[in-house]
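Undergrad: This is the structure I want to talk about, given as structure tokens.
Please treat every number below as a calculation from the coordinates, not as lab data. Quick caveat, the model's predicted, so the values are computed rather than measured. Virtual Cβ from ideal backbone geometry, glycine too; neighbours counted across all protein chains shown.
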Amino acid sequence: MSWASPDGSAEGIAAAVGTRAGLLGALADGPRTKRDLREELGVARSTVYKGLRELTELDLARETGEVRAHGARGAGPRGTRAVPRAARGLTAARDVLADIPASAGVPAAFAESATVATSERTAPERALDTFDAMVRDAERVRSLSPAAIPRYMADLHEDVLAGEDREIVVERPAAAALRAEYDEFDAAVAAGLDVRVLDESLPFGLTLFDDEGAALTTYEAGGVSGILLSEAPEAVAWAERTYADYRDRAVDA
């Protein structure tokens, strides 16, 4: 079977981190020869070779005479005993990325540099706490949202009254829910809150903070399940393009 180059997208790299977790874990403990890896992991020679080729092409491992985790330091076979930062970030982001369609084209840089916040049954608001802090610090916020979260309307209203720039693009059912549940919806719009309505489904949430940061949001059972926050230039540039594409298809509320 011919070799197919691995998927270098954020989703593809995250999938590789999951599939090759055993190899990455072994390399995190220090440099290993291919024979060491076969014996330590109890897998076939072909499995090790294929896995190492995939990891090196994705820049998650580096081969010298022995194989060491990417980012190792020093001459000779010994290296830093740590999983590379990219792999750590992608491992943490994997569950969030799993809920985002591959067609979204999320760049690998988004996941590699992301701060990951997830909600749990015992702490359903945890992901939103991190998000809230970034909203408070930003003068300009632009957000795509497939879900209606009425708790934010009063804050957005207050922000635009204070002269800050706030814009949201939401699915039509979400817009109707916000209007029904926030009594001052029309007053907020009159004060400067730009609300735009989209007649299509949004596969994820996306928020831009000024021109310096972006957040990818996933939802479950009507609530936020996970957020990836990144300030990487490539991530912000992708978020700008994606937001603009959806905004251009939306209409005023």
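Undergrad: Please compute the length gained on full extension between ARG53 and ALA237, using 0.36 nm multiplied by the number of residues separating them and subtracting their Cα-Cα distance.
TA: Gain on extension, ARG53 to ALA237, equals 63.2 nm.
Undergrad: Would you mind calculating the gained length between ARG35 and GLU181 on full extension (0.36 nm times residue separation, minus the Cα-Cα distance), in nm to one decimal?
TA: That works out to 46.2 nm of additional length.
Undergrad: On to the next question. Label ARG151 and ARG172 with points 7 Å out from Cα along Cα→Cβ: what is the distance between them in nm?
TA: 2.9
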